[in-house]
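Contents: one structure, followed by commentary.
The values are calculated or read from the model by the stated rules, or taken from the named source; none is laboratory data. Bear in mind that the values here come from a model prediction, so they are computed numbers and not experimental data. With ideal geometry, Cβ positions are generated from the backbone for all residues, glycine too; neighbour counts draw on all protein chains shown.
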Amino acid sequence: MTATTDGSTGASRPRAAAASAPLGADTVLDAARRAAERGIEHLLDRQDAQGWWKGDLETNVTMDAEDLLLRQFLGVQDEKTVQAAALFIRGEQRDDGTWATFFGGPGELSTTIEAYVALRLAGDRPDDPHMARASAWIRANGGIASARVFTRIWLALFGWWKWDDLPELPPELIFLPKWVPLNIYDFGCWARQTIVPLTVVSAKRPVRPAPFPLDELHTDARTPNPAKPLAPMASWDGVFQRLDQVLHGYRKVAPRKLRRAAMRSAARWIIERQENDGCWGGIQPPAVYSVIALHLLGYDLQHPVMRAGLESLDRFAVWRQDGPPGPDGPGGAPTRMIEACQSPVWDTCLATIALADAGLPADHPALVKAADWMLGEEITRPGDWVVRRPQLDPGGWAFEFHNDNYPDIDDTAEVILALRRVRHPEPEKIEAAIARGARWSLGMQSKNGAWGAFDADNTSAFPNRLPFCDFGEVIDPPSADVTAHMVEMLAFEGKSHDPRTRRGIEWLLAEQEANGAWFGRWGVNYVYGTGSVVPALTAAGIPASHPAIRRAVAWLESVQNDDGGWGEDLRSYGETEWMGRGPSTASQTAWALLALLAAGERHGKAAERGIVWLAENQREDGSWDEPYFTGTGFPWDFSINYHLYRQVFPLTALGRYVHGEPFSPNAAKGS
């Protein structure tokens with residue numbers, strides 16, 4: 001185990017030495033130029049032959065635990081997979097017996113329960129020292145009864161929790177029209193894809209024989225499912241808890257024909273949204289629950305839909321030889337980590353921007369190949385977004401390899417910014433794709449002038465109130481980071497003075513925190529939000545002297561670490577004293593630098609110290625090390641370590657520093 005600078009502990013991992021000693025007589029510019037050159041070579045070496053980039057997407061061991069639970073439920077375990085997954089899960093355990101949701105984070109109850117159960121499935125015994133520490137901590141923190149709903153659903157599948165003691169989720173939800181509160185389109189796309197199959201699971205209430213009891217995880221084994229008191233009737237929580245009681249009562253009298261029809265409709269909805277690669281939405285959780293739901297509705301494991309779905313889940317696995325030496329030799333035993341999703345489109349557009357801004361020629365074969373691959377990933381058919389924008393023509397990009405139902409505004413904006421940097425031999429292809437993407441993403445603007453990630457006006461407050469939704473965000477309201485990327489893209493497309501762009505700018509200015517920062521919905525956190533918004537505002541013509549820009553610069557300068565870098569702990573999502581505070585990381589230092597450079601601070605002391613930090617912490621191979629999680633799935637609840645962030649963002653910042661100014665809309669048009 002290793003201790004972080006804030007005193008918490010996390011799973012150990014190798015830390016490479018920095019590439020160079022302190023700069024000494026070297027100038028900051030020389031150091032930046034050399035670091036950029038090494039970064040370019042490293043990134044070019046990582047490009048796939050087809051033109052894309054993809055780094056590992058690391059989350060937490062619930063992905064691995066639920067994969068083993070799914071295999072147990074379906075009866076498709078194999079010993080190699082189980083043991084490789086167990087080896088990975090054990091390696092992530094903290095000294096106190098718990099598992100965290102991010103590197104250096106505190107132990108988390110539901111994550112620890114799921115990891116414990118997975119290791120029991122793999123053969124670990126309750127009296128093994130690491131298991132005894134985990135179960136003691138679980139009991140001390142409330143036991144299974146205090147776990148989140150999704151964890152208790154997994155346990156209910158094996159009789160370790162009672163279905164009656166879970167919130168009700170009726171499949172008739174599928175019939176609610178879009179104008180009725182709590183219809184499925186009131187949920188964000190990731191939640192929608194999970195909830196629809198879970199309505200089937202909730203209706204069927206399956207129980208597979210448990211391979212062992214879990215009495216050691218209850219605070220009182222005699223009453224393993226204690227009832228929780230209701231909140232006051234006058235509170236929203238009280239209202240929705242009583243609604244859940246009504247739904248439990250409805251279950252007993254629900255017309256059978258209506259329920260069967262609802263489950264058939266849910267099955268059709270699920271199957272219609274299965275992607276060409278067999279997955280659902282390109283993300284692991286909806287795929288897992290969709291496979292379970294269809295299996296409960298009679299689809300056997302050899303059915304083409306099921307076979308494709310199970311095969312798609314295998315593609316989320318990252319196999320490594322980094323376990324302890326095995327009996328057959330000194331090489332590491334195989335470990336298996338499950339990615340929650342994969343990010344090739346996002347990684348590729350960010351890598352393209354980084355390489356172009358670092359000085360790679362616009363017609364370099366690597367950039368042209370990347371552009372060709374991105375062009376092939378454009379989505380030109382309707383998806384769920386048409387529910388709120390039925391007249392809008394399709395065009396845009398998703399995050400993953402295959403996810404035609406859910407293109408997103410963030411990826412589309414960044415892909416357009418990347419394509420603008422490439423001098424393609426067939427420019428008409430670039431222009432046509434950009435035109436479609438810009439038109440579609442503009443049409444996804446919400447009523448308040450800003451943009452969410454996947455849907456327009458996905459802002460209902462009701463879904464978050466459901467007792468079922470006790471983990472993470474289930475709606476997709478506009479955010480500062482996505483809106484900033486849209487404003488920046490529109491500026492590059494010559495639309496700075498378009499009324500829709502101005503509304504986005506006005507929304508961003510109104511969202512600035514009193515201290516000068518912006519909240520980061522999809523990255524950690526205020527450093528990410530500020531690093532996204534300032535370049536967008538200046539690209540759209542807001543002068544560096546504007547009070548909002550000066551407040552942002554002052555805030556970034558105030559939170560710079562003594563070592564010259566920037567960092568921010570995930571606790572900033574809930575505790576304001578952590579805003580902009582945390583160990584320095586490569587990606588967060590780069591985000592701060594992108595804002596400072598856009599604000600005209602290239603020769604400022606803060607920017608130069610940040611550049612020096614990047615140069616001195618670069619590894620010999622041109623990369624950076626970053627065990628900390630700087631990506632966000634759900635603020636605080638679900639965190640992400642994008643393994644390519646530590647490469648693309650530092651290279652972008654170094655490139656913009658070396659070349660004297662951020663890549664400009666005029667330069668884009670000129671290329």
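Within the range 233-252, if we keep just the residues that are among the charged types (D, E, K, R) and at pLDDT 80 or above, the residue that is nearest to Leu466 (Cα to Cα) turns out to be Arg251. So Asp64 fits all but one of (1) acidic (Asp, Glu); (2) in contact (Cβ under 8 Å) with a residue 60 or more places away in the chain; (3) crowded, with 22+ Cβ neighbours inside 10 Å; (4) over 30 Å from Phe649 (Cβ atoms); what number is the exception? That leaves (4) as the condition not met. On inspection, Gly516 does not qualify as touching a Phe, Trp or Tyr at 6+ places or on another chain (Cβ under 6 Å), closer than 18 Å to Ile409 by Cα, of a type outside the set (D, E, K, R) and at pLDDT 95 or above.
If the condition is being under 14 Å from Asn617 (Cα atoms) and among the hydroxyl-bearing types (Ser, Thr, Tyr), then the range 552-590 contributes Ser584, Thr585, Ser587, Thr589. Within the range 401-419, residues that are without any contact (Cβ under 8 Å) to a residue 60 or more places away in the chain have Cβ atoms under 8 Å from residues that are among the aliphatic types (A, V, I, L, M) and assigned to a loop (DSSP other than H, G, I, E, B) in these pairs: Pro407/Ile379; Pro407/Ala398; Asp408/Ala398; Asp408/Ala453, counting only partners at least 6 apart in sequence or on another chain.
Of the residues making up the range 151-165, just one is surrounded by 21 or more Cβ atoms within 10 Å (Cβ to Cβ), in a helix (DSSP H, G or I) and either in contact with a strand residue (DSSP E or B) (Cβ under 9 Å, 6 or more places away or on another chain) or of a type in the set (Phe, Trp, Tyr) (or both), namely Trp154. For His218, indicate whether it is more than 25 Å from Gly383 (Cβ to Cβ), in the same structural domain as Gly142 (by TED's automatic domain parsing) and touching a Pro at 6+ places or on another chain (Cβ under 9 Å). Spelling it out, it is not the case that His218 is more than 25 Å from Gly383 (Cβ to Cβ), in the same structural domain as Gly142 (by TED's automatic domain parsing) and touching a Pro at 6+ places or on another chain (Cβ under 9 Å). Inspect all residues belonging to the range 398-417 and state whether any of them is in a loop (DSSP other than H, G, I, E, B), outside the structural domain of Gly631 (by TED's automatic domain parsing) and more than 29 Å from Ile549 (Cβ to Cβ). No; the residues of the range 398-417 include none that is in a loop (DSSP other than H, G, I, E, B), outside the structural domain of Gly631 (by TED's automatic domain parsing) and more than 29 Å from Ile549 (Cβ to Cβ). The criterion of at least 2 residues that are within 24 Å of Ala84 (Cβ to Cβ) is met by the following helices (runs of 4 or more DSSP H) wholly inside the range 236-336: 284-296, 304-314.
For every residue, the table says whether it meets (1) surrounded by 15 or more Cβ atoms within 10 Å (Cβ to Cβ); (2) in contact with a Lys or Arg (Cβ under 6 Å, 6 or more places away or on another chain).
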{"site": "Gly281", "(1), (2)": "yes, no"}
{"site": "Val291", "(1), (2)": "yes, no"}
{"site": "Gly298", "(1), (2)": "no, no"}
{"site": "Gly309", "(1), (2)": "yes, no"}
{"site": "Ala317", "(1), (2)": "yes, yes"}
{"site": "Arg320", "(1), (2)": "yes, no"}
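Taken as a whole, the structure places Thr530 among residues that are of a type in the set (Ser, Thr, Tyr), crowded, with 24+ Cβ neighbours inside 10 Å and over 30 Å from Trp163 (Cα atoms).
Taking into account only those residues within the range 654-671 that are assigned to a helix (DSSP H, G or I) and more than 15 Å from Thr538 (Cβ to Cβ), which is modelled with the lowest pLDDT? Restricting to residues being assigned to a helix (DSSP H, G or I) and more than 15 Å from Thr538 (Cβ to Cβ), the top hit is Gly670. Scanning the range 91-143 for residues being under 11 Å from Leu217 (Cβ atoms) and not charged (D, E, K, R) gives a total of 15. Here Gly123 meets each of (1) in a loop (DSSP other than H, G, I, E, B); (2) at negative phi with one exception, condition (2). In the set (1) at pLDDT 95 or above; (2) small (Gly, Ala, Ser); (3) in contact with a Lys or Arg (Cβ under 9 Å, 6 or more places away or on another chain), the condition left unmet by Ser20 is number (1). Taking the criterion of being without any contact (Cβ under 8 Å) to a residue 40 or more places away in the chain and assigned to a loop (DSSP other than H, G, I, E, B), the residues of the range 517-556 that qualify are Trp518, Ile542, Pro543, Ser545, His546. For the condition crowded, with 24+ Cβ neighbours inside 10 Å and in contact (Cβ under 8 Å) with a residue 24 or more places away in the chain, Thr380 does not qualify. Within the range 455-465, the residues that satisfy the criterion of being in a loop (DSSP other than H, G, I, E, B), under 20 Å from Asp384 (Cβ atoms) and touching a Phe, Trp or Tyr at 6+ places or on another chain (Cβ under 9 Å) are Asp455, Ala456, Ser460, Phe462.
For Val487, state whether it is touching a Phe, Trp or Tyr at 6+ places or on another chain (Cβ under 8 Å) and either outside the structural domain of Pro285 (by TED's automatic domain parsing) or buried (at least 21 other Cβ atoms within 10 Å of the Cβ) (or both). The answer is no for Val487.
Please determine whether any residue of the range 445-454 is closer than 14 Å to Arg521 by Cα, outside any loop (DSSP other than H, G, I, E, B) and not acidic (Asp, Glu). Scanning the range 445-454 turns up no residue that is closer than 14 Å to Arg521 by Cα, outside any loop (DSSP other than H, G, I, E, B) and not acidic (Asp, Glu). Restricting attention to the range 120-131, the residues that are hydrophobic (A, V, I, L, M, F, W, C) and in contact with a His (Cβ under 8 Å, 6 or more places away or on another chain) total 0.
Being touching an Asp or Glu at 6+ places or on another chain (Cβ under 9 Å), within 23 Å of Asn641 (Cβ to Cβ) and surrounded by fewer than 22 Cβ atoms within 10 Å (Cβ to Cβ) is a description that applies to Arg148.
Number of residues in the range 91-141 that are free of Cβ contacts under 8 Å to residues at least 40 places away in the same chain and polar (S, T, N, Q) equals 3.
Quick check: is even one residue across the range 74-85 in contact with a helix residue (DSSP H, G or I) (Cβ under 9 Å, 6 or more places away or on another chain), acidic (Asp, Glu) and modelled with pLDDT under 95? Yes, there is a match, as at least one residue in the range 74-85 is in contact with a helix residue (DSSP H, G or I) (Cβ under 9 Å, 6 or more places away or on another chain), acidic (Asp, Glu) and modelled with pLDDT under 95. Counting the residues of the range 174-210 that are of a type outside the set (Val, Ile, Thr), in contact (Cβ under 8 Å) with a residue 60 or more places away in the chain and either farther than 23 Å from Asn458 by Cα or assigned to a helix (DSSP H, G or I) (or both) gives 14.
Residues in the range 76-123 that are among the polar types (S, T, N, Q) and buried (at least 21 other Cβ atoms within 10 Å of the Cβ) were compared, and the one that is nearest to Arg152 (Cα to Cα) is Ser110.
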